[in-house]
Amino acid sequence: MNKKRIAILMATYRGEKYLRNQIDSIIGQTCHDWTLYIHDDGSTDGTLSVIKEYVKQYPDRIVLLEYPSQGGACRNFLSMLERVEADYYMFADQDDVWHPDKIEKSMDVLLAAERQHPSRPVFVHADLCVIDENGHILHDSFFQYAGIRPERMVKYEDYVHTLVTGSTMLFNHQVKEACFRRPQTDATMHDAWITLRAISEGGIRCTISEPLVDYRQHSGNVLGAEDGNRFTLGYRLSHAQDMVKKNLQHFRMMKSAGEMTLYTYLKKKFIFFREK
């Protein structure tokens, strides 16, 4: 594999408990052509101490970005993406564990796609293994657990449901350029916004069905793994207010990121629910 410059962007906030496991899993990757950039969003625990310990130990591989807190994961990740220049980009959550060949396998797929689609936005995402706070496997496929079916996502209007998990993403500079060509005012999460912007500009999505990340579930998750099988009609009715709020947010984001009408959004949601 030709050497390419990869920027790994990690957003942290009170992540002291699991942070070492995650950084160690990045350091142990079979691909070594990367720099890890970390920005902390105002932690009050020992997170910064852990980061500075690793920066001191790996000064050529790990960089602490020091600028004001951004007030949440979405803005934190996007602010790093805006500041860091590289050929390729990845996101890292503070509490997951990467499989040793995550970068290598993702790069192989992305480079192959770039050869077929030169100058196009290209991004790769993968399945995850869901684990508990102690590292025990809860489900060996997040796609199956959450009812995610990537093959159903073909056109922009199909992305009425969240598909891509940021911690599995690898994308090229063209995706970054697409991300910032429109204001991110209605972005609810960085991975959803970047996915929508890339697809809206003719981007290529590549899916790796193999889990490449251990996705840790614990009480401090900003967004956790949700069991897609529990979204029955009864569940939706009992959580109607929350579901309406989330769908309005997602619709506004899709409308801001590309072309989406309320009629098309509701039609696609209905089709998805009917086919489950």
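The values are calculated or read from the model by the stated rules, or taken from the named source; none is laboratory data. No experiment lies behind these values; they were computed from the predicted model shown. Positions of Cβ are backbone-derived with ideal geometry, glycine not excepted, and every protein chain shown enters the neighbour counts. Areas reflect the complete protein model, heavy atoms only, side chains present, ligands, DNA and RNA absent. Shrake-Rupley method; radii C 1.70, N 1.55, O 1.52, S 1.80 Å.
For R75, neighbours were defined as the other residues whose beta-carbon sits under 15 Å from its Cβ, and their charges (Lys and Arg +1, Asp and Glu -1) total -4. Spatial offset of region 1-43 relative to region 146-205 amounts to 22 Å, using the alpha carbon center of each. Rounded to the nearest 500, the 222 nm mean residue ellipticity of the chain from helices alone is -12000 deg cm²/dmol, with -39,500 (n - 2.57) taken per DSSP H run of at least 4 residues. Across region 107-192, the fraction of Cα-Cα pairs farther apart than 17 Å, rounded to a whole number, is 60%. The chain has equivalent-ellipsoid semi-axes of 29, 22, 19 Å, by the square roots of 5 times the alpha carbon gyration tensor eigenvalues, sorted largest first. Listed peptides 143-149, 179-185, 72-78 appear in the order 72-78, 143-149, 179-185 once ranked by packing, highest mean of other Cβ atoms within 10 Å at the front. Rounded to the nearest 0.05, what FRET efficiency do R115 and E53 give with R0 = 25 Å and r taken as the Cβ-Cβ distance? Could you check? Efficiency for this residue pair is about 0.05. Across region 34-141, Cα pairs under 8 Å and at least six residues apart give a relative contact order of 17 percent.
For the chain, the relative contact order comes to 21 percent (Cα pairs under 8 Å, sequence separation of at least 6).
Tally up the carbon and sulfur contribution to the accessible surface of the chain as a whole percent, 1.4 Å probe, everything protein left in place.
The value for the chain is 50 percent carbon and sulfur by accessible area.
When only Cα pairs below 8 angstrom with a gap of at least 6 residues are kept, region 1-88 shows a relative contact order of 39 percent.
Too long at a 27 Å Cα-Cα cut-off: which of K56/K102; K56/K176; K105/K246; K52/K102; K105/K176; K245/K267?
With Cα atoms farther than 27 Å apart: K56/K176; K105/K246.
Comparing mean-square fluctuations of Q217, Q116, Q249 from a GNM of the chain with C-alpha springs under 10 Å, the top value falls on Q116.
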